[in-house]
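Here is the structure we will look at, set down as structure tokens.
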Amino acid sequence: MASNNTGLERTMDESYFKDEKEHKEHHLNRLVSAAKEIFERNKRAVRIVDLATGPNSFNIDIVDGLEREDIDYEFVLSDISPVHFSIGYENLKKANPKALKNIRCVLMDSCDMKTPLTEIPMWSGNGHPKEMWPIAKVLKDPKYAFLKTCTERPSFSDDTFDMIIGQLPYGSINTGPYQRAIKESVRILRSGGYHIVSEFQVEILANVSTRNDRSLAGAKRRVVTDIMSTLENMLVPIESYNMVYKYKESVTIDPTQAIQNGDIVRYSVLVHKKI
């Protein structure tokens, strides 16, 4: 880990890691320590929501960390579509079936968490909506039985959660500007709560000529920079920790995807607190 950068505005502490394992361990420890702080302060279960869960497997480590520290918790996994969401849920179910008693899964648009969804986008392989399904049709499909809690048409009120977390929850949004989703996250976060999310942005493009317009536009977005700026107008910045690396992927990449083989990428975890 490199030395801290003290030149950032306000109190944000910026660190850089060279080792992916060390970076991930620091991320996990930061999440668990934040939950432990809240649990010991409030003497009740910590309410956590994971935005845009998708096929995320990191939640397995988070749950293990919470249980290792004897932290009581309520964990809400959320996504706008069940297609990839089901993978993340099944991974968690397989790894720690006993944890499911503390897990709730909901279909939710991060850009508007006050309004229950009535239609659900069923994503195709290239990331575009394949078709819209009524939520009743989704809930009847045996593949999505894990969404049974969605029958109550959930919406999130103000000051609902102690922690907002997510793996790339904003940069991947395509239902509206991610600034809307950030405002929604701040709305549902309780005072004293933590907002801890990871995002990436392309620092150097490896190939411009092989990208289509959508990929090029995505690669040029300063997602991490923009999200940091937006959050710091609403929450107290605590810490960011980063990795800069060359992206390598052996499988074929969707030509519309922002990140491509050979790109130099900045991957950042941003920690903020609501006072």
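The values are calculated or read from the model by the stated rules, or taken from the named source; none is laboratory data. Predicted, not measured: the structure shown is a model, and the values here were computed from it. Glycine gets a Cβ as well: all are built from the backbone with ideal geometry, and neighbour counts include every protein chain shown.
Assorted remarks:
- Checklist (1) modelled with pLDDT under 95; (2) among the polar types (S, T, N, Q); (3) closer than 23 Å to ASP226 by Cα applied to THR118, failing item: (3)
- Count of segment 226-263 residues, restricted to those that are surrounded by 14 or more Cβ atoms within 10 Å (Cβ to Cβ) and part of a strand (DSSP E or B), is 10.
- Candidates SER86, SER57: the one that is hydroxyl-bearing (Ser, Thr, Tyr), in contact with a helix residue (DSSP H, G or I) (Cβ under 9 Å, 6 or more places away or on another chain), farther than 23 Å from GLU184 by Cα and surrounded by fewer than 15 Cβ atoms within 10 Å (Cβ to Cβ) is SER57.
- The set of residues in segment 188-224 being surrounded by fewer than 16 Cβ atoms within 10 Å (Cβ to Cβ) and basic (Lys, Arg) consists of ARG214, LYS220, ARG221, ARG222.
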